[in-house]
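Since the structure comes first, as C-alpha cells, the remarks are kept for the end.
What follows draws every value from the coordinates through simple rules; no lab data is involved. Nothing here was measured: the structure is a model prediction, and the numbers come from that model. For neighbour counting, all protein chains shown are included, and Cβ atoms are generated from backbone atoms with ideal geometry for every residue, glycine included.
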Amino acid sequence: MNVRIRPEHEFGGVRRAAVALAREAERRLPGVASAQWWKEERRGVFLDFNQNARDRTVASAWSLRPVPDAWVSMPLRWEDVPDAELADFRIDTVPDLLAAQGDPHAAIDEHAGSLEGLLELARVDEEERGLPDAPWPPNYPKQPGEPPRVQPSRARRER
C-alpha cells in the first residue's frame, strides 16, 4: 500500500512511524498482522516496515509485474479490495477498468496525511512499553537503540 504523507519529517521519523503502524496493527489484529522481523516469530501477514529504507523501491502504480499474465500493479478503491483478484488486473484488462472507473490514485496528492499520531504511538512504544527500535535491513550499519540482528532461536542464551 502506498500512502501519501506530508513532507514534514526526515527519514528516521518516517521509519519510526512505519514501525509504530506495524506494531499497532499487530496489537489490534493478533494472528492476522505481524510486526515481527524474524520469520520464526511471525503470525499472519508481515507488515514490512523496512520497506521504508533509503535503498528500497516499490512497484509504482501502473507498473507491469514480470509474470506470464502481465499483471499490473495498480491502486484500488477500498470498496474493491475484498473482491479483487489478480487475474482482473492484467495489461489487457486495466485500460477498460481505468476508462470505466477512473484512476483511484488521481487525488492522492490532495490527501496527504500527517505522521503525528504514529509518531506519538512510537513514543509510547519506546518510552512506556519499553519497545526498542526494530531491526534494520542487514546492509545498514547498526543503529543506536537497535536490538541484536540475530534470530531469536540462534541468540546466545544468557546464563
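Think of region 77-159 as having a plus end and a minus end, set by charges on the Cβ of Lys, Arg, Asp and Glu; of 98, 111, 134, 134 sits farthest toward the positive end of this dipole. When P(r) over Cα pairs in 10 Å bins from 0, in percent is computed from the coordinates, the matching label among (1) 11, 42, 39, 8; (2) 10, 38, 36, 14, 2; (3) 9, 29, 33, 21, 7, 1, 0 is (3).
Across 35, 70, 22, mean-square fluctuation computed from a Gaussian network of the chain (C-alpha pairs under 10 Å connected) peaks at 70. Here is the list for region 13-94: GluC sites (Glu not before Pro) lying in DSSP coil, each with at most 11 other C-beta atoms within 10 angstrom of its C-beta, are 85. A full extension of the chain between residue 128 and residue 151 corresponds to an added length of 5.8 nm, given 0.36 nm per residue minus the alpha carbon distance.
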